[in-house]
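All remarks here apply to the structure that follows.
The values are calculated or read from the model by the stated rules, or taken from the named source; none is laboratory data. Just so it is clear, the structure is predicted and the values come from calculations on it, not from any experiment. Positions of Cβ are backbone-derived with ideal geometry, glycine not excepted, and every protein chain shown enters the neighbour counts. Calculation scope for accessible area: heavy atoms of the full protein, side chains included, ligands and nucleic acids excluded. Shrake-Rupley method; radii C 1.70, N 1.55, O 1.52, S 1.80 Å.
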Amino acid sequence: MSKTIVILGACGQIGTELTLALRSRYGSESVIASDIREGTSELMESGPFVTLDATDFKALEELFTTNQVTEVYLMAAMLSATAEKYPARAWELNMNSLLHVLELGKMGLYSKLFWPSSIAVFGPNTPKENTPQSTVTEPSTVYGISKKAGEGWAAYYHRKYAVDVRSIRYPGLISWKTQPGGGTTDYAVDIFHQALKTGSYECFLREDTALPMMYMSDAIEATLQLMDAPAGPLSVRTSYNLSALSFTPAELTRSITAYLPDFKVTYIPDSRQQIADSWPHSIDDSQARKDWGWEHRYDLEKLTGEMLRNLRKNG
Ligand code: SER
């Protein structure tokens with residue numbers, strides 16, 4: 001059966017690269033990008049685009065029905081730091097978009113859904129090192145609370161209504177095509193831009209703050225792999241832990257100075273430090289590796305080289 005794929009929140013950090021990857025795999029016309037705002041010219045020129053608010057149930061229903069959609073990727077969300085500023089709006093966007101899309105799945109308007117969760121489901125009482133798949137989830141941020149609730153709803157719709165929803169708890173994602181916005185792990189992208197532009201960076205996290213991270217190519221690969229996987233072995237219907245590497249701002253800085261020896265970083269922690277301190281240092285993703293064969297490809301050295309090379313070429 002041919003696929004018709006919709007990406008909601010297609011212009012964000014993940015949505016942009018996911019849309020381009022899906023288009024190169026399944027053909028431009030089979031992949032409808034949608035967002036409330038327009039994205040990069042590369043994205044806008046690569047195939048169909050629909051302006052749409054992911055919290056508008058009627059608009060979603062019409063889009064899915066008219067196009068006979070088979071797969072949905074719901075990437076619209078407000079990230080951790082912005083959500084602390086606008087808790088009610090974050091809850092509305094992060095939860096209503098998911099509940100609407102799940103309900104449309106129950107109505108049979110598509111056959112498979114991808115919805116991202118995050119390391120933000122974990123909190124200060126979670127074991128910090130090698131955080132297990134099943135453990136304490138007592139998030140301290142609005143973003144984390146919305147992701148935790150979302151995981152519960154995803155599993156519920158799967159169990160009760162057989163909606164085939166699949167999910168990954170993404171770590172901090174590092175990409176050069178699109179900047180993140182409003183997250184706690186954003187420093188790890190911004191630092192590369194500033195290293196090349198000004199030769200210095202003021203980091204909003206302490207230098208010893210270890211967080212789980214991943215290069216965007218790996219995250220996209222994982223997402224496509226999970227969506228391709230046969231349903232049988234998928235034992236997790238809340239959301240899979242996923243891991244590649246873990247580093248501190250000081251370690252990332254050292255990795256960049258191997259290429260740019262004069263690069264200088266200062267550390268002035270702000271309110272995002274508290275969010276970062278509540279998250280794990282590293283993640284145990286053995287269940288994802290076992291159930292659908294996940295393997296990461298980028299370590300810190302490779303990631304640093306790729307980021308600098310691509311930003312130099314395209315920045
Ligand atoms: N990267 C996200 C954030 O920092 C975590 O999912 O909010």
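Take every DSSP beta bridge with both residues inside the chain and express the antiparallel ones as a percent of the total, to the nearest 5.
10
Report the charge-dipole magnitude of the chain in Debye, nearest 20, computed about the Cα centre from +1 at each Lys and Arg Cβ and -1 at each Asp and Glu Cβ.
Magnitude of the dipole: close to 300 debye.
Using the 2.2 N^0.38 Å rule of thumb for compact globular proteins, work out how segment 159-315 stacks up: its C-alpha Rg over that value, please.
1.12
Between 143, 240, 157, which gets the highest mean-square fluctuation from a Gaussian network model of the chain, Cα cutoff 10 Å?
The residue with the greatest mean-square fluctuation here is 157.
Return the calculated 222 nm mean residue ellipticity for the chain, to the nearest 500 deg cm²/dmol, obtained by summing -39500 (n - 2.57) across DSSP H runs with n ≥ 4 and dividing by the residue count.
Only helices count here, giving -12000 deg cm²/dmol.
With only Lys, Arg, Asp and Glu charged, each at its Cβ (+1 for the first two, -1 for the last two), find how big the charge dipole of segment 93-148 is about the Cα centre; round to the nearest 20 debye.
120
May I ask you to give the solvent-accessible area per residue for segment 208-268, in square angstrom, as obtained with a 1.4 angstrom probe?
Counting only protein heavy atoms, the per-residue value for segment 208-268 is 36 Å².
Where the accessible area of the chain is counted over protein heavy atoms with a 1.4 Å probe, how much of it, in %, is carbon and sulfur?
50
Run the reach check for residue 106 against aspartates and glutamates, Cα to Cα strictly under 15 Å, same-chain hits fewer than 8 apart removed. What comes back?
In chain and number order, the partners are 61, 71, 164.
Going by a ≥ b ≥ c, the root eigenvalues of the Cα gyration tensor, does segment 94-223 fall in the rounded group (a/c under 1.5), the prolate group (a/b larger than b/c) or the oblate group?
prolate
If you put +1 on each Lys and Arg Cβ and -1 on each Asp and Glu Cβ, how big is the dipole of segment 31-138 around its Cα centre, in Debye rounded to 20?
The calculated dipole for segment 31-138 is roughly 280 debye.
On a full-extension model of 0.36 nm per residue, what is the gain between residue 29 and residue 197, subtracting their alpha-carbon distance, rounded to one decimal in nm?
56.8 nm
Over the heavy atoms of residue 242, what accessible area does a 1.4 Å probe trace out, to the nearest 10 Å²?
Only protein atoms counted, so the area is about 0 Å².
Cα axis of helix 216-228 to longest principal axis of the chain: angle in degrees, 0 to 90, nearest 10?
20
So which lysines can residue 85 reach, going by Cα to Cα under 24 Å and dropping same-chain residues fewer than 8 places off?
147, 148
Add +1 for every Lys or Arg and -1 for every Asp or Glu among the other residues with Cβ under 13 Å from the Cβ of residue 158, and state the total.
+4
Would you work out which of 263, 121, 107 lies farthest towards the positive end of the dipole of the chain, given +1 charges on the beta-carbon of Lys and Arg and -1 on that of Asp and Glu, about the Cα centre?
It is 107.
Shape call for segment 32-122 from the C-alpha gyration tensor, a ≥ b ≥ c root eigenvalues: rounded (a/c under 1.5), prolate (a/b greater than b/c) or oblate?
oblate
Return the ratio Rg/(2.2 N^0.38 Å) for segment 1-60, where Rg is computed over Cα atoms only.
1.04
In terms of solvent-accessible area of protein heavy atoms at a 1.4 angstrom probe, what is the ranking of 145, 14, highest value first?
Solvent-accessible surface, decreasing: 145, 14.
Work out how much length residue 134 to residue 177 would gain on full extension: take 0.36 nm times their residue separation and subtract the Cα-Cα distance, in nm to one decimal.
12.2 nm
Could you estimate the translational diffusion coefficient of segment 228-315 from the Stokes-Einstein equation, with Rh from the Kirkwood formula over C-alpha pairs, at 4 °C and 1.567 mPa s, in whole µm²/s?
Rounded, D is 80 µm²/s.
So how do 297-307, 163-173, 258-268, 126-136 stack up, highest first, on mean other-Cβ count within 10 Å?
Per-residue mean Cβ counts within 10 Å order the peptides as 163-173, 297-307, 126-136, 258-268.
Show the residues, 5+ positions off or on another chain, whose built amide H is closer than 5 Å to the amide H of residue 118.
So residue 118 has HN proximity to 170.
Working with all protein chains in place, sort 146, 111, 30 by solvent-accessible area computed with a 1.4 Å probe, largest first.
Descending order: 111, 30, 146.
For an R0 of 45 angstrom, estimate the FRET efficiency from the Cβ-Cβ distance between residue 274 and residue 65 and round to the nearest 0.05.
0.55
Around residue 233, with a cut-off of 9 angstrom between Cβ atoms, what is the net charge of the other residues, counting Lys and Arg +1 and Asp and Glu -1?
Spelling it out: positives minus negatives among the neighbours equals 0.
Based on the alpha-carbon gyration tensor of the chain and its eigenvalue square roots a ≥ b ≥ c, which shape applies: rounded if a/c is under 1.5, prolate if not and a/b is larger than b/c, or oblate?
Cα axes put the chain in the prolate bin.
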